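Novice: Please see the structure below; I have some questions.
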Amino acid sequence: MLSKKDGAVLLKLARESVARAFKGEAFSTNAFPEERGVFVTIHKNGGLRGCIGYPLPVKALGQSVVEMARAAAFQDPRFPQLSESELSEVDFEVSVLSVPKPVKPEDVKVGRDGLIIELRGASGLLLPQVPVEWGWSRKEFLEHLCAKAGLPPGAWKQAKIKAFQAQVFKEG
């Protein structure tokens, strides 16, 4: 478990990484060397403005936050690149993930579990806070997970599903 102080440092790394990107500066860190999965989410006026991450522990947590903050700001295909003038208007969120493990649909717990679905080469991921924010039931969570992966409704009944938990740190 990371402390609130650790979370504050991760959030600072995310914001600083994006701020330095606007100046054309490279940025890296040796902080948090343990490999962890992580997602960085950017919100503007309460709405999603970007979200990208590593679902699996492939890199050191600190460096992953630096890279994923920039990816969320500039490479999320759902949104235009963040502008420098928007930086003061957005909030960063860092979700540090546990290692995903297989789960049966009936064992999924809304509010605890984030999910990854895989079927016929398609995959999708939803963080554990998403169904809570939208007020979804377990079945609605699974259906939206299918939609995120580009799969038809009900595909979760045949798919491989993995669950993970997240420790979430938010600015503000």
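The values are calculated or read from the model by the stated rules, or taken from the named source; none is laboratory data. All values reported here derive from a predicted model rather than from experimental measurement. So basically every Cβ, Gly included, is an ideal-geometry build from the backbone, and we count neighbours across all protein chains shown.
Novice: Quick one: what pairs do we get from the range 99-113, first residue on the phi > 0 side of the Ramachandran plot, second surrounded by 13 or more Cβ atoms within 10 Å (Cβ to Cβ) and assigned to a loop (DSSP other than H, G, I, E, B), C-beta under 8 Å, 6+ apart or different chains?
Specialist: GLY111/PRO128
Novice: Separate question: Before we move on, is PRO33 without any contact (Cβ under 8 Å) to a residue 40 or more places away in the chain, of a type outside the set (S, T, N, Q) and either crowded, with 20+ Cβ neighbours inside 10 Å or outside the structural domain of ILE161 (by TED's automatic domain parsing) (or both)?
Specialist: yes
Novice: Scanning for something hydroxyl-bearing (Ser, Thr, Tyr), assigned by TED's automatic domain parsing to the domain that holds VAL38 and surrounded by 12 or more Cβ atoms within 10 Å (Cβ to Cβ), does the range 62-75 turn up at least one residue? Step through it out loud before you land on a result.
Specialist: Of the range 62-75, the ones hydroxyl-bearing (Ser, Thr, Tyr) are 64.
Pick out the ones that are also assigned by TED's automatic domain parsing to the domain that holds VAL38 and you get 64.
The next check asks that each one be surrounded by 12 or more Cβ atoms within 10 Å (Cβ to Cβ); those that pass are 64.
Yes, the range 62-75 contains a residue that is hydroxyl-bearing (Ser, Thr, Tyr), assigned by TED's automatic domain parsing to the domain that holds VAL38 and surrounded by 12 or more Cβ atoms within 10 Å (Cβ to Cβ).
Novice: Kindly indicate the residue of the range 5-41 that is basic (Lys, Arg) and in a helix (DSSP H, G or I) and also farthest from ILE52 (Cα to Cα) among those meeting that condition.
Specialist: LYS5
Novice: With respect to GLY7, is the statement that it is crowded, with 21+ Cβ neighbours inside 10 Å, within 19 Å of the chain's Cα centre (by Cα) and modelled with pLDDT of 95 or more true?
Specialist: no
Novice: On the basis of being part of a strand (DSSP E or B), out of contact with any helix residue (DSSP H, G or I) (no Cβ under 6 Å at 6 or more places or on another chain) and under 20 Å from PRO128 (Cα atoms), does LEU2 make the cut?
Specialist: So LEU2 does not fit the description; no.
Novice: Output the residues belonging to the range 110-160 that are outside any helix (DSSP H, G or I) and of a type in the set (Val, Ile, Thr).
Specialist: VAL110, ILE116, ILE117
Novice: Name the residue that is farthest from VAL65 (Cα to Cα), counting only residues in the range 88-109 that are assigned to a strand (DSSP E or B) and among the charged types (D, E, K, R).
Specialist: Among those that are assigned to a strand (DSSP E or B) and among the charged types (D, E, K, R), it is LYS101.
Novice: Determine whether the range 44-63 contains at least one residue that is of a type in the set (Ser, Thr, Tyr) and in a strand (DSSP E or B).
Specialist: yes
Novice: Checking GLU89 against (1) over 19 Å from the mean Cα position of the chain (by Cα); (2) within 23 Å of LEU56 (Cβ to Cβ); (3) in contact (Cβ under 8 Å) with a residue 40 or more places away in the chain, only one condition comes out false. Which one?
Specialist: All conditions are met except number (2).
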